[in-house]
Amino acid sequence: MAEKKLGVLVHGAGWVSTQHIKAFQTNPNTKVVAISSRRLESCKLRAEEAGLTDVEFYTDYEKALKHEGIDIVSICTPQHFHAENTIAAAEAGKHIVIEKPIANSLEEIKAMRDAVRKAKVKTVVGFVLRWNPLFLTIKRMLADNALGDLYFVETDYQSNIASWWSGFEYARRKDTGVSAFLVGGCHAIDATRWFASKGEYESAKPIEVFAYSGGWRKGCDTEYNYYTKVWRTNAPKLEYDGFEIALIKFDNGVLGKVSVNFDSIMPYTFPIEIFGDRGTIKNNRVWSHKFPGQTGWVEIPTILPDTADVTHHPFQGEIDHFVECILNDKESHCNLEDAILTHEIAFAALQCYETKQPVKLPLI
Ligand SMILES: NC(=O)c1ccc[n+]([C@@H]2O[C@H](COP(=O)([O-])OP(=O)(O)OC[C@H]3O[C@@H](n4cnc5c(N)ncnc54)[C@H](OP(=O)(O)O)[C@@H]3O)[C@@H](O)[C@H]2O)c1
């Protein structure tokens, strides 16, 4: 345990912040000392729900960053604020949790990277599925050579993101959400990178991308709420294609296929398929040379990445890992530099729709 608890400022007091606050409260080495947001009521509500009494509220982020004793800033605002929020936190010398997606353009990403490098602060990006129990198990199995050498990985983010989500109003718009891959599909892109490397704490480096986009929801005012099973007309419109699919070449020779599907009429689903020269994984089912007598798929009882509900996401694992990195002066495998490689695939897909040509990476 650290001598003094690390002080935390949570910025953007919405849905995901509830889980960041909870994880920092639970970690024995951190204390939430301030919450900032657009509206004071939201800060108060988050504190009240979490039972926080000794906490300061701010509606001015610059002032909040000056609050005494802040070591970590957790950025939970909508994505179009992430770049400026990250740069300000880095310039103030704070370690930073950056919710996904990290930014809305390559220019913003470059500016964030430069600010973080200059400030030498630690970062972790909200690819929280890296701490999902099935993900942890698969990575350990890959590292243990359960599938031999890998050659193909596919993951898909199939979530009918709509008005049920508090963040939808910004996320659905082209100027603030940008694309389906960026808003939600980046989780699947990151998972493909993560599983395309056999290293337990390593992700694969993309070198080329080709993508198509389509689907039916763009510009359509019909919306399906899969929680209530209700169809709605006059719904806010998605301003970009809700379906994107990309092929990725990695520098280790593995090929990836990834899609994002906001147009699917079904509950949230996150399928995973990993193929190696000695075995295969399909979600939590395994076929491996390690089980020479197996006569059917071996099923791992575990927690699957099968809901969009933030209360189910393993934020505790992500935050505990980040605090360890800070206390031991280690870089996270999921830091800003690594997350840039995930985001570049989403931006390469957008370039592809313009040029109709494969896009070579890196872009920055
Ligand atoms: N890693 C994951 O699995 C995961 C899951 C969910 C969301 N996320 C990401 O987390 C981010 C936030 O999503 P969310 O679902 O929490 O959205 P949300 O519920 O809309 O919360 C965003 C909060 O940001 C605040 N805000 C808006 N504009 C602001 C501004 N100019 N300055 C300060 N605060 C401002 C809002 O504050 P007020 O209430 O004060 O008006 C709102 O409460 C998004 O990037 C999203 O993609 C990640």
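Just so you know, all these numbers are worked out from the coordinates, no wet-lab data involved. Quick caveat: nothing in here was measured; it's all calculated off a predicted structure. Note that we place each Cβ from the backbone using ideal geometry, even for glycine, and neighbour counts take in every protein chain shown.
For the chain, set up a GNM with springs between Cα atoms under 10 Å and report which of 89, 115, 196 has the largest fluctuation. Checking each option, the largest mean-square fluctuation is seen for 115. Net charge dipole, the chain: roughly 180 debye, given to the nearest 20, about the Cα centre with Cβ charges of +1 for Lys and Arg and -1 for Asp and Glu. Multiplying the residue separation of residue 149 and residue 309 by 0.36 nm and subtracting their alpha-carbon distance yields 54.2 nm. The three principal axes of the Cα atoms in region 246-364 give end-to-end lengths of 48, 43, 35 Å, sorted in falling order.
Qualifying trypsin sites (Lys or Arg not before Pro) in region 242-338, where qualification requires a DSSP coil assignment and no more than 16 other C-beta atoms within 10 Å, comprise 278, 290, 330. Taking other C-beta atoms within 10 Å as the exposure proxy, 141, 266 rank 266, 141 from fewest upward. Using C-alpha pairs below 8 Å separated by at least 6 residues, the relative contact order for region 6-126 is 24 percent. Counting beta carbons within 10 Å around each of 299, 344, 84 and listing the fewest first gives the order 299, 84, 344. About the centre of its Cα atoms, region 6-126 shows a dipole size close to 340 debye [charges on the beta carbon of Lys, Arg (+1) and Asp, Glu (-1) only; nearest 20 debye]. Distance distribution note for the chain: the fraction of Cα pairs above 29 angstrom is 41%. Cross-link candidates for residue 290: which lysines have Cα within less than 18 Å, leaving aside residues fewer than 8 places away along the same chain? Candidates past the 8-residue exclusion: 139, 198, 282.
Mean projected area of the Cα convex hull of region 6-126, taken over all directions, amounts to 6.5 nm².
Region 40-111 and region 296-364 have their alpha-carbon centroids 20 Å apart. Would you mind classifying region 71-112 by shape? Square roots of the alpha carbon gyration tensor eigenvalues, ordered a ≥ b ≥ c; an a/c under 1.5 is rounded, otherwise it is prolate if a/b is larger than b/c and oblate if not. Oblate, because a/c is 1.5 or more while a/b does not exceed b/c.
Compute the acute angle (0 to 90°) between the alpha-carbon long axis of helix 315-327 and the principal axis of greatest extent of the alpha-carbon atoms of the chain; round to the nearest 10°. It works out to around 70 degrees. Say R0 is 51 Å: what FRET efficiency, to the nearest 0.05, do residue 164 and residue 291 get from their beta-carbon distance? Given R0 = 51 Å and the Cβ-Cβ separation, E is 0.80. At a threshold of 8 angstrom on Cα-Cα distance, excluding pairs fewer than six apart, so keeping six or more, what relative contact order does the chain reach in percent? Answer for the chain is 19 percent.
Counting only Cβ charges, +1 for Lys and Arg and -1 for Asp and Glu, the dipole size of region 39-89 around its Cα centre is about 140 debye.
If you rank 86, 302, 295 by fewest surrounding Cβ atoms within 10 Å, what's the result? Could you put the intermediate results ahead of the total?
Working: 86 29, 302 14, 295 5.
Ranking 86, 302, 295 by Cβ neighbours within 10 Å, fewest first, gives 295, 302, 86.
Can you give me the angle between helix 40-50 and the longest principal axis of the chain, using Cα atoms only, in degrees from 0 to 90, rounded to the nearest 10? In the chain, helix 40-50 runs at an angle near 70 degrees to the longest axis. Among 78, 23, 64, whose Cα sits farthest toward the positive end of the charge dipole of region 6-126 (+1 at Cβ of Lys/Arg, -1 at Cβ of Asp/Glu, about the Cα centre)? Of the options given, the answer is 23.
Against the chain, whose longest principal axis comes from its Cα atoms, helix 15-26 is set at around 80 degrees. Students often forget the sequence filter, so: which aspartates and glutamates lie under 14 Å Cα-Cα from residue 118 once same-chain residues fewer than 8 apart are removed? By straight Cα distance, residue 118 reaches 91, 337. Computed over neighbours whose Cβ is under 12 Å from that of residue 258, the net charge equals -3, Lys and Arg +1, Asp and Glu -1. The DSSP beta bridges internal to the chain are antiparallel in roughly 55% of cases.
By the rule of a C-alpha distance below 28 Å, with chain neighbours fewer than 8 residues away ignored, the lysines paired with residue 356 are 100, 110, 174, 205, 218, 237, 249, 257.
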